[in-house]
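Structure, as structure tokens:
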2 protein chains.
Amino acid sequence: MKDFPQPLADLIDELKRLPGIGQKSAQRIAFHLERGPREDVERLARALIEAKERVHLCSVCNNLADRDPCAYCSDPGRDPSVVCVVETPYNAISIEKTREFHGLYHVLHGSLSPLQGIGPEQLKLKSLIDRLKDGKIRELIVATNPNVEGEATAVYLSKLIKPLGVKVTRIAMGIPVGSELEFADEVTMLKAIEGRREI
Amino acid sequence: MKDFPQPLADLIDELKRLPGIGQKSAQRIAFHLERGPREDVERLARALIEAKERVHLCSVCNNLADRDPCAYCSDPGRDPSVVCVVETPYNAISIEKTREFHGLYHVLHGSLSPLQGIGPEQLKLKSLIDRLKDGKIRELIVATNPNVEGEATAVYLSKLIKPLGVKVTRIAMGIPVGSELEFADEVTMLKAIEGRREI
């Protein structure tokens with residue numbers, strides 16, 4: 001035998017398919033599970049199946065949710081006139097953590113990236129246009145990532161949506177709070193100066 | 001809603017219990033699985049259960065195996081007079097990869113660490129002593145890690161086993177092959193000099 005027992009090798013192979021998990025991490029996790037109680041493994045296996053079975057995309061905003069519409073879209077306390085466009089459900093969580101945004105979301109599930117073959121058709125854009133049709137949305141806050149793809153997506157959205165009479169805004173880029181100017185790269189510094197506000 | 005849908009939150013919690021997986025990695029893995037096909041999740045869940053169900057400790061050497069005795073212990077082509085003592089099944093794999101060791105293994109499942117409350121009783125030592133009783137083992141190669149705990153374990157084993165008339169050896173410590181002297185720490189350098197051999 002040059003290698004692991006087959007069921008262990010199979011588990012390591014499956015774990016390696018997960019993002020950020022290489023051979024060493026997969027081995028470490030597999031050995032950890034072999035050492036621990038059987039209940040732990042069963043609970044993990046059950047959580048995997050449950051999450052896949054019960055979590056789906058919200059038919060309105062495309063967020064991950066265990067009901068439809070999702071908890072955001074079905075909350076009467078939120079302001080439906082402001083919609084924040086994000087790349088992933090995870091980004092919506094980041095914004096939610098500020099506790100200051102009370103509008104709704106729209107999850108694109110990606111950003112424009114011609115190099116990776118991701119064009120407008122691959123993003124959840126059609127449903128966004130549909131949401132804008134009844135005229136109830138006043139402002140669209142584009143919170144895609146501040147990188148090449150996210151910027152391209154923001155510009156694309158702006159050109160597509162402004163003609164519909166909806167205000168399109170972009171989140172501010174600048175020096176992170178608690179950071180020091182010394183460590184800011186030139187582009188961030190430039191964005192910080194360009195985006196300066198009177199105090 | 002301030003957080004993930006419950007089944008997703010549950011999955012993230014379970015993933016976070018795995019070694020080396022923090023909140024961010026767990027989220028990333030969970031989102032990856034939600035995006036991917038259902039079959040992938042089912043295959044992972046099945047691999048987890050299978051590995052736990054079918055892999056057990058070898059009753060002779062304590063290696064992880066899907067049969068008993070394990071593939072090493074039941075291989076008539078291996079030399080039962082030399083036993084290599086390792087801390088984990090993973091370490092046995094590392095030695096196996098050299099393709100030059102043809103003896104058997106004994107897995108301690110840990111190393112002596114009084115600070116962590118791991119004494120001789122917590123290691124698979126009794127079964128090692130039992131294996132030595134019939135006098136067929138000539139040499140015990142101690143391949144525990146070259147750190148404080150591994151060294152303490154090696155010294156402990158040596159004191160315990162030498163009186164039984166069995167040769168106890170320790171793997172060599174020194175400069176790693178392909179490395180440069182410049183990058184060796186003092187202790188490794190000292191071990192390399194102490195362990196010098198005539199050429």
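We did not get these values from a lab; they are worked out from the coordinates using the rules stated. Here the structure is a predicted model, which means the values were calculated and not measured. Methodologically, a virtual Cβ is constructed for each residue, glycine included, from the backbone with ideal geometry; neighbour enumeration extends over all protein chains shown.
A compact table of results
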{"quantity": "Cα-projected label distance for B:S179 with A:I199, points at 7 Å along beta-carbon direction, nm", "calculated": "5.1 nm"}
{"quantity": "Sorted by Cβ density within 10 Å, fewest first, the residues B:S94, A:S127, A:S111", "calculated": "B:S94, A:S127, A:S111"}
{"quantity": "Listed residues A:I161, A:I175, A:I141, most fluctuating in chain A (Gaussian network, C-alpha, under 10 Å)", "calculated": "A:I175"}
{"quantity": "Label-point separation, A:D134 to A:K97 (7 Å along Cα→Cβ), nm", "calculated": "3.3 nm"}
{"quantity": "Cross-link table B:K24/B:K52; B:K52/B:K124; A:K136/A:K167; A:K126/A:K162; A:K124/A:K191; B:K133/B:K162, entries beyond 18 Å C-alpha to C-alpha", "calculated": "B:K24/B:K52; B:K52/B:K124; A:K124/A:K191"}
{"quantity": "Shielding by partners - mean other protein chain Cβ count within 10 Å, residues of A:6-16", "calculated": "6"}
{"quantity": "Taking chain B and dividing mean pair separation by its residue count, relative contact order in percent (alpha carbons under 8 Å, at least six apart)", "calculated": "13 percent"}
{"quantity": "GNM flexibility winner over chain B from B:R38, B:R131, B:R17 (Cα, springs under 10 Å)", "calculated": "B:R17"}
{"quantity": "Under 5 Å, built H, 5+ apart or other chain: amide partners of B:I118", "calculated": "B:S113"}
{"quantity": "Distant-in-sequence amide H partners of A:V85 (H built 1.01 Å from N, under 5 Å)", "calculated": "A:H106, A:I141, A:V142, A:A143"}
{"quantity": "Backbone HN-Hα couplings from phi across segment B:13-29 [Karplus 6.51/-1.76/1.60, Hz, Gly and Pro as x]", "calculated": "4, 5, 5, 5, 6, 6, x, x, 10, x, 4, 5, 5, 4, 4, 4, 5"}
{"quantity": "Residues whose placed amide H lies under 5 Å from that of A:C70, excluding near-sequence neighbours", "calculated": "A:S59, A:V60, A:C61"}
{"quantity": "Residue of B:L11, B:L128, B:L108 that the Gaussian network model of chain B assigns the largest fluctuation, springs spanning Cα pairs under 10 Å", "calculated": "B:L11"}
{"quantity": "Inter-chain shielding of B:55-67 (mean C-beta neighbours from other protein chains, 10 Å cut-off)", "calculated": "3"}
{"quantity": "Residue-wise HN-Hα coupling along segment B:143-155, computed from phi with Karplus coefficients 6.51, -1.76, 1.60 (Hz; x: Gly, Pro)", "calculated": "10, 6, 4, x, 10, 4, 5, x, 5, 4, 5, 4, 5"}
{"quantity": "For segment B:125-136, Karplus couplings with θ = phi - 60° (6.51, -1.76, 1.60), whole Hz, Gly/Pro x", "calculated": "8, 4, 5, 5, 4, 4, 5, 7, 4, 7, x, 7"}
{"quantity": "Copy-to-copy label separations for A:E42, where each label sits 7 Å from Cα toward Cβ, in nm and ascending", "calculated": "2.2"}
{"quantity": "For B:A152, inter-copy label distances in nm, listed shortest first [label point 7 Å out on the Cα-Cβ vector]", "calculated": "5.7"}
{"quantity": "Label geometry 7 Å along the beta-carbon vector: A:E182 inter-copy distances in nm", "calculated": "2.9"}
